[in-house]
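The values are calculated or read from the model by the stated rules, or taken from the named source; none is laboratory data. Just so you know, these numbers come straight off a predicted model, no measurement behind them. Note that we place each Cβ from the backbone using ideal geometry, even for glycine, and neighbour counts take in every protein chain shown.
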Amino acid sequence: MPEDRPPAVIPAIRTTPAIDRIIHEPARYQLMAVLYVIESADFLFLRNQTGMTDGNLSSHLAKLEKAGYVQVKKEFVGKKPHTMLELTAKGRQAFDAYRAAMQAHLELGS
Amino acid sequence: MDTNEENDLQAIERRAFQSTQDDGFLELQFGAILIILGITAYIDDTGIFNHYYGYLFILASPLIVLLGKRYITLPRLGRVRFGLDRQMRQAKMTLILVASVLAGLMIFILGAMGVIPIPNTVRPYVMPAIIAGMLFLTLAAMGYFMNNWRFVIIGAVFAGSELAIPILRLHTDLVSPAGVALTTGGVLITIMAAGVLARFLRDHPRQEFPTEAPLA
């Protein structure tokens, strides 16, 4: 029962926005941050910027794509197909919300 | 988003953009331009043949960047498209470059026509000093907009080479002071650019297999 729950040490924590667990993972946050500041990039560029291995990067990108934060765009460069990755509008909003939530939580402790 | 958060994202964007400039090809182009100017000046001073053909090579110098980026940088670094802010910054840089070239041409023409009154005692130094100042400011501004501090060094070398010409002409017996000054400056820039490129190649080895790993 909610009434049996012990009072929060900081009551305001109940009203603080929840942390998005998808973005909260450090590697995914780093990926989201890079994608947030650019328009789009391919897998190789993201790998160079983040320093992740191919498998690690692929796994994190898949989770972000499943969450609807990242979208894959197939393009042609000359005659060769090329895959570019970019944040979706939902992804940008989620990133902004995540940063605001983290800021709110950090301010609670100060 | 407060100022600190904005600065963090700006730093990430700046680092991402700087990584695309760390191949040294733009620096190589400017080194080549200065070398071509030096060789052209030497040809002019020695009268070997008509030096105007040399300037055609300057028009071809952007090929260094185009081909280098396409065949060396992109396969190692990957592709990226930057946002509107960065595109606007690049556009401002281009405008500054164009305005500077036009202003330099105007000053050169007005000086040659004698419209700008310059005492004869300082005439050999004034025009080179003006040109050197404009070169340094233009290239330093390029470095600012491109977040590439090496362009401040390139600007200093360009300015130094330009200032060295009247000094060498008045105080040495060189056949082609301009040839020596400009070529030396170009070689210095090219050596720096080659070092940048070597570091880039070491840090970004060519991939044996395509890295477009399919998403899981």
Study note, to complete from the structure: Of the listed residues (A:LEU31, A:LEU57, A:LEU106), the one being more than 9 Å from chain B (Cβ to nearest Cβ) and modelled with pLDDT of 90 or more is A:LEU31
Revision key, fill the gap. Restricting segment B:60-76 to residues that are surrounded by 14 or more Cβ atoms within 10 Å (Cβ to Cβ) and of a type in the set (Gly, Ala, Ser), the one farthest from the other protein chains (Cβ to nearest Cβ) turns out to be B:SER61
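Could you tell me whether A:LEU46 is modelled with pLDDT of 95 or more and either among the polar types (S, T, N, Q) or under 16 Å from A:ARG92 (Cβ atoms) (or both)?
Working: modelled with pLDDT of 95 or more: yes; either among the polar types (S, T, N, Q) or under 16 Å from A:ARG92 (Cβ atoms) (or both): no.
So A:LEU46 does not fit the description; no.
Can you name every residue in segment A:63-73 that is modelled with pLDDT under 95 and at the interface with chain B (Cβ under 10 Å from one of its Cβ atoms)? Spell out the reasoning first.
From segment A:63-73, those modelled with pLDDT under 95 are A:72-73; that's our starting set.
Hit for segment A:63-73 is A:VAL72, nothing else.
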Exercise for review: Considering each residue of segment B:77-100, count those that are buried (at least 17 other Cβ atoms within 10 Å of the Cβ), on the phi < 0 side of the Ramachandran plot and over 16 Å from the mean Cα position of the chain (by Cα), and give that number.
Suggested key: 5
Exercise for review: Would you confirm whether any residue within segment B:95-107 is among the polar types (S, T, N, Q), under 23 Å from B:PHE200 (Cα atoms) and free of Cβ contacts under 8 Å to residues at least 60 places away in the same chain?
Suggested key: no
**Study point:** helices (runs of 4 or more DSSP H) wholly inside segment B:30-121 containing at least 3 residues that are among the basic types (Lys, Arg)
**Key:** B:84-113
Check your understanding: Considering only residues of segment B:131-190 that are outside any helix (DSSP H, G or I) and without any contact (Cβ under 8 Å) to a residue 40 or more places away in the chain, which is surrounded by the fewest Cβ atoms within 10 Å (Cβ to Cβ)?
Key -> B:ASP173
Study note, to complete from the structure: Note on segment A:34-54: residues surrounded by fewer than 17 Cβ atoms within 10 Å (Cβ to Cβ), out of contact with any Ser or Thr (no Cβ under 7 Å at 6 or more places or on another chain) and at the interface with chain B (Cβ under 7 Å from one of its Cβ atoms) are A:GLU39
